[in-house]
Ligand SMILES: [Zn+2]
C-alpha cells in the first residue's frame, strides 16, 4: 500500500475533526439501539452502561469547565463501548430557571427594558427564543469536543414530556403528604423579586454599626435597627439572672420609635445570654430565627418591610422609606433624640446573606410558598449512602452528602419568575383568610379558581433529570437503562444537584439513580485562578481547539487531573499535547511506510518482549479506567507511546525490518490506536481508516478493547 497523501503534511486537526465526527455520528453507533442492530454478536447480549449528562445551562457558550465535563464522560463512555457494553451517553439541556432569567434580565437592562411591566407570555416567549438559539450553539460546541452522545435522545427540561412528568411528581408528592403550602420565612431578593433557596444565597462579610438601645428596663443590641420599629416582644433566656423580675408573659410600657408602646416579655431557651445584653426584640416576619420563636409561642407577626425593601403602612410616618439605608438612619436618629441610644460600635463585623446573583441583601419575608417536607426523603437517601449503594469516587464527598441528609431543611420550591415549569395549583380567594387551593392539572369547576403564577425551583425539575430523560418510570428506556452507572459532574453540584437526584430517584423509582458519583474539580487558568468573566480569564474550549486541536485539549484537561482536584489549563499545556498528537501522526506514517495488510496476521501467542511490555501497560490503563483514575491512565498512555513505542520499539525494529518485526510493529500500533482512542478520538479514528476497511461501520469507535 502506498502512503496516503495526507501523511506528507503535518496533521491538520481542523480539517480532520469535523469529518471524523460526522463519520462517527452518521454511523448511528452513538445510539445503543444501533450498536445492537449493527453488531449483534458483540452487543446483543451485553449489559447497558448509561451516564446521563448534566444539562449545561442553555444560556451561554461553553467554558473550559464544560469541556472537562464532556471529555471525562466521553472517555469513559468510549472505553465502555469498546469493551462491548451498550453505552448510552444521554445529552440534554436545562432551562435553568432563575439563572437564565437573570442573564436575560441583564440583556433587557442593556436595551433599556425591564421584565417588570412586561406581559408574562411575551417575556416567556422572548426567553424561550433566546434559550433556543443558545441551545444550538451549546450543542454544536459539545459536538466539537467529540461527545459520543446519543443525540436522538436529546432532552430539554421544557420538553412537553418532562414538563408533564415533573408536574405529575408534584401531584403525587402532594397526595403522599410530602408537599405543603405554608407561610414561612423565605430568602427574598428585592431586586429580582423572587424567593431563593438557601443554596442560592451567598454569605458576605460586612463591617457595620452595632447599636445598643434602651427599652424600658432592658438594653437591646442590634445591627439592624430599622427592623425594630414595630417589635413588641422582648425575649430573654429563662435562666438569665439579670431578668428575674420579669416573668414570661409580663407586659410593660416603654417609649420606642413610634411613641409609647406595650411590650411583652418572652422567655425562650434558644436565646444566647452571652450575645449582646442577652435581651432582644424579635421581628418574626423578617428573620428566620425570630419566626421560629414566634411560632413556638404563638406570637403576632407583622410585615414591616415590603417586597421592594421599603417600610409598609405599619411604619407610620416612616412609610415608604428604603429600610436598609435612609430608614435605618432615621430610626437611629429618632431613638437618639429620645435619649434611648446607649452605645454604638462602628467596627462590628458580621456575616449577612446576599443574593448569589446580584449581592442584594437578602431580606427574609414570610410568604406563602410550596414546600417539600424533606425529613423522610433525606432519611431514605442517607440510608442508601450508608448501605453503600452510592460509590463516591472521592470519599470526601460522601461526608458532605451525608451531612446534608442528616440536616434536611424543608425545601421551598416556589419561584416568582416566569421562566420555568408552571406549578399545577389553583387558588380560590387567594390572599384572604378564606384562601383555598387545589392541586391538579386542570382547575376544579367554577370560575372563581385562578392559576398559581409561580414556577418550580429549577432544581425541582433537574433533580428528576435521570428519570425524566429516560421518559419517566413507565417507559421502555427507563426499564432498560435505569438505574444508570455513572453521574459525572462538577463538584460544586454536590449540594445543589446530586442529593436531589438521589432523593427523587429513591422516591419515584425506589432505586438510586446512579451508582458511581464522579465529582470533578474546576478548570483554572494558568495561574491557578478561578476563571470568571469579570477577571477576563475565561478560556473558550473552542478557541483552544481551533489553535491546537481538540485531541490536544482533551489530553491537557485529563493528564494531571485527579478526581475532585482543580486543574490549571494553559496554552502551553495544550500546545505540549499538540506535539503528542503530531508524534502519533508521524508514527502512523512510519508504520504505513514500512508495513501493509499482509503484516496484519500477527500470531499473538508468540513470545515477544515488546508485546509483553505492552500488555502490562494496557493492563494498568484498563485498571485505572475502571477505577476512574483517568489522569493515571492518560499519563501511562503518553509515556508508553512516546518513550517506549517510538523511542525503543521503532528504533529497534528499524534496524531489522524482518517480516516478524513488521507484524509486531503493525500489531502494536493498532493496539495503541485502540487504547488511545477514548482520549484522542479524532486523530486515532482518522489514522484507523488507513489500517482497516471502515466501510460497513468498522470504525475504531467499536473495536474490541480486549
Ligand atoms: Zn438578586
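Rounding to the nearest 10 and keeping the result within 0 to 90°, find how far the Cα-based axis of helix 609-626 lies from the longest principal axis of the chain.
The helix 609-626 is inclined about 20 degrees to the chain.
On C-alpha positions alone, give me the angle between the axis of helix 13-26 and the longest principal axis of the chain, in degrees, nearest 10.
Taking Cα atoms only, the helix is inclined about 90 degrees.
Provide the FRET efficiency to the nearest 0.05 for the residue 348-residue 627 pair, computing r from the beta carbons and using R0 = 56 Å. Provide the component values of the computation, followed by the final result.
Values: r = 51 Å, r/R0 = 0.91.
Using R0 = 56 Å, I get an efficiency of 0.65.
Quick check: from the Cα gyration tensor, does segment 557-601 come out rounded (a/c under 1.5), prolate or oblate?
Numbers: a/c = 8.29, a/b = 2.45, b/c = 3.38.
Oblate, since a/c reaches 1.5 and b/c is not below a/b.
How big is segment 194-355 by Rg and Dmax over its Cα atoms, in Å?
15.5, 44
Could you give the angle, 0 to 90 degrees to the nearest 10, between helix 160-175's Cα long axis and the longest principal axis of the Cα atoms of the chain?
The two axes meet at around 50 degrees.
Per the Kirkwood treatment, what hydrodynamic radius in Å, one decimal, follows for the chain from the mean inverse distance over all distinct Cα pairs?
Values: mean 1/r = 0.0343 Å⁻¹.
When all Cα pairs of the chain are included, the Kirkwood radius is 29.2 Å.
Using the 10 angstrom Cβ neighbour count as an exposure proxy, how do 47, 662, 8 rank, fewest first?
Values: 47 11, 662 19, 8 8.
The order, fewest Cβ neighbours first, is 8, 47, 662.
Is it possible to state the helix-based mean residue ellipticity at 222 nm for the chain, with each DSSP H run of 4+ residues giving -39500 (n - 2.57), the sum divided by total residues, to the nearest 500 deg cm²/dmol? What is it?
Details: 24 runs with 274 residues, N = 706.
Computed ellipticity for the chain at 222 nm equals -12000 deg cm²/dmol.
Among 244, 212, what is the fewest-to-most ranking by other Cβ atoms within 10 Å?
On the way: 244 10, 212 16.
Fewest-to-most Cβ neighbours within 10 Å comes out as 244, 212.
Computed FRET efficiency, Cβ-Cβ of residue 615 and residue 576, R0 41 Å: what is it to the nearest 0.05? All intermediate terms of the calculation are to be shown ahead of the outcome.
On the way: r = 28 Å, r/R0 = 0.68.
Between residue 615 and residue 576 the formula returns 0.90.
Using a Förster radius of 51 Å, what is the FRET efficiency between residue 322 and residue 269 based on their Cβ-Cβ separation? Nearest 0.05, please. Don't jump to the answer; show the numbers that get you there.
Values: r = 36 Å, r/R0 = 0.70.
With R0 = 51 Å, the Cβ-Cβ based efficiency is 0.90.
Quick one: length gained pulling residue 403 to residue 132 fully straight, 0.36 nm per residue minus the C-alpha distance?
On the way: separation 271, 0.36 × 271 = 97.56 nm, distance 3.78 nm.
Extending this stretch completely gives an extra 93.8 nm.
For the chain, give me the percentage of DSSP beta bridges that are antiparallel, rounded to the nearest 5 percent.
Working: 52 of 75 bridges.
Approximately 70 percent, going by the DSSP bridge assignments.
Rounded, prolate or oblate: which fits segment 590-706, taking a ≥ b ≥ c as square roots of the Cα gyration tensor eigenvalues, rounded meaning a/c under 1.5, else prolate when a/b beats b/c? List each step's numbers first, then the result.
Values: a/c = 1.73, a/b = 1.18, b/c = 1.46.
It comes out oblate by the Cα gyration axes.
Going by average Cβ density within 10 Å per residue, which order do the peptides 325-332, 436-443, 481-488, 219-226 take, highest to lowest? Show your work: numbers first, answer last.
Values: 325-332: 18.2, 436-443: 13.6, 481-488: 22.4, 219-226: 20.2.
Top to bottom by mean Cβ count within 10 Å: 481-488, 219-226, 325-332, 436-443.
Shape call for segment 118-226 from the C-alpha gyration tensor, a ≥ b ≥ c root eigenvalues: rounded (a/c under 1.5), prolate (a/b greater than b/c) or oblate? Please list the in-between numbers first.
Working: a/c = 2.82, a/b = 1.97, b/c = 1.44.
Note, shape of segment 118-226 comes out prolate.
Restricting the count to DSSP beta bridges whose residues both fall in segment 194-355, what percent are antiparallel, rounded to a multiple of 5? Walk me through the numbers before you get to the answer.
On the way: 28 of 32 bridges.
Bridges in segment 194-355 are about 90 percent antiparallel.
Report the paramagnetic label zone for residue 261: residues of segment 187-216 whose backbone N is under 19 Å from a point 7 Å from Cα along the Cα-to-Cβ axis.
211-216
Bear in mind these aren't lab numbers, they're just calculated from the coordinates by the rules spelled out. Computed from a prediction, not measured in an experiment: that's the story for all the values here. A quick note on method: Cβ atoms are made from the backbone with ideal geometry, for glycine too, and the neighbour counts reach across all protein chains shown.
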